[in-house]
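Structure, as structure tokens:
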Amino acid sequence: MPRASIVVVGAGVMGRGLAETIATAGHEVLLIDRTTKQAERGIKGISESIDREISRWGLTKSDKKAIMSRICPSSDLSQVEDAEIVLEAIPESLELKKQLFERLDRLCAPNALLITNTGTLSISEIASSTQRPEKVVGMHFLVPVSRVPLVEIAKGLCTDEQTFNRAVQLAEMLDKKWIAVNEYPGYVTTRIIVPMLNEAMHVLMEGVAPAEDIDEAMKLGFGFNVGPLTLADMMGLDVVMSWMNNLLDELADHKYNPCPLLRKLVRDGHLGVKTGRGFFVYDAEGNRVKSREVVA
């Protein structure tokens, strides 16, 4: 794929990861959020993410300078008018996504590739808010985007072959292994991981073992790089709960009913790494703090 004009809408955890990955691949990217402050907060999060890679010897300070120079924050959605590719990474709300795609439809060039990152909502329903549903496709990246080598690519009912192929080219440009999935709530990854996260939370709530031991058991027993409770904290507990609620609504299966402990943490504003506290406690750089102040 030639050098593209790429826009990411949403500067949260997913949007930051997408912008970082695109810039690391050598492409300029515009990171848009509702306010300049939110967009700049996203840039700060990317800077901190790269610093963690530098500390692991994965990148150099020169790499960081080059990557950061390719990312520009903005709060002006009208700037998508010249974009070839627009990736949506806003909260997992069907209404919010439909409203955004309706605006993108009015603003974007006719040949722009419109991508939703949803893992639990209907691509066809999101695309129905546009006059070009054939140009809308799903690309479900996983957190952390810069390190997880997988992306799920899903067609909506109207997605045409050219659009799907452009999504494949983007995945390969970002050095991602892609799999094609049918449009269905949760696809492969979310559908399988959500019940496991939910069950780990129930095990914790029922006092079977403390959070640290639950994660250690799953890492040592099954070879996971990250335990389920740490993973939920990384994803954002509000995000995980929204996935559960969406899958519960779509599939009416009790296994997706959010654990009461998860509901309590989200209600209290303890959303994981991004707020400094979830199942574990984190410092300002997102590093785990060895503390007894974890959910026990």
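The values are calculated or read from the model by the stated rules, or taken from the named source; none is laboratory data. None of these values were measured; they are calculated from a predicted model. Note: ideal-geometry Cβ built from the backbone for every residue, glycine included; neighbour counts use all protein chains shown.
Annotations for the structure displayed:
- Taking each residue of region 261-274 that is touching a residue at least 12 places away in the same chain (Cβ under 8 Å) and looking for partners that are hydroxyl-bearing (S, T, Y) with beta-carbon atoms closer than 6 Å, six or more apart or interchain, yields V273/Y282.
- Unmet criterion (only one of (1) on the phi > 0 side of the Ramachandran plot; (2) without any contact (Cβ under 8 Å) to a residue 12 or more places away in the chain) for A209: (1)
- Listed conditions (1) more than 30 Å from P133 (Cβ to Cβ); (2) among the hydroxyl-bearing types (S, T, Y); (3) in contact (Cβ under 8 Å) with a residue 40 or more places away in the chain are all met by S5, apart from (1).
- Counted residues, region 161-189 - those being surrounded by 15 or more Cβ atoms within 10 Å (Cβ to Cβ) and either part of a loop (DSSP other than H, G, I, E, B) or of a type in the set (D, E, K, R) (or both): 8
- Qualifying residue in region 190-197 (condition: surrounded by fewer than 20 Cβ atoms within 10 Å (Cβ to Cβ) and of a type in the set (V, I, T)): yes
- Some residue of region 277-285 being at pLDDT 95 or above and in a helix (DSSP H, G or I): no
- Of all residues in region 256-271, one or more are closer than 20 Å to L121 by Cβ, at pLDDT 95 or above and surrounded by fewer than 19 Cβ atoms within 10 Å (Cβ to Cβ).
- Elements of type helices (runs of 4 or more DSSP H) contained in region 6-117, each with 1 or more residues being exposed (fewer than 15 other Cβ atoms within 10 Å of the Cβ), assigned by TED's automatic domain parsing to the domain that holds L174 and in contact with a Cys (Cβ under 7 Å, 6 or more places away or on another chain): none
- Residue count for region 118-131, restricted to those that are assigned to a helix (DSSP H, G or I) and in contact with a strand residue (DSSP E or B) (Cβ under 9 Å, 6 or more places away or on another chain): 4
- One residue from F164, F141 being under 17 Å from V7 (Cβ atoms) and aromatic (F, W, Y): F141
- Some residue of region 135-153 being in the same structural domain as D105 (by TED's automatic domain parsing), of a type in the set (K, R) and over 23 Å from Y282 (Cα atoms): yes
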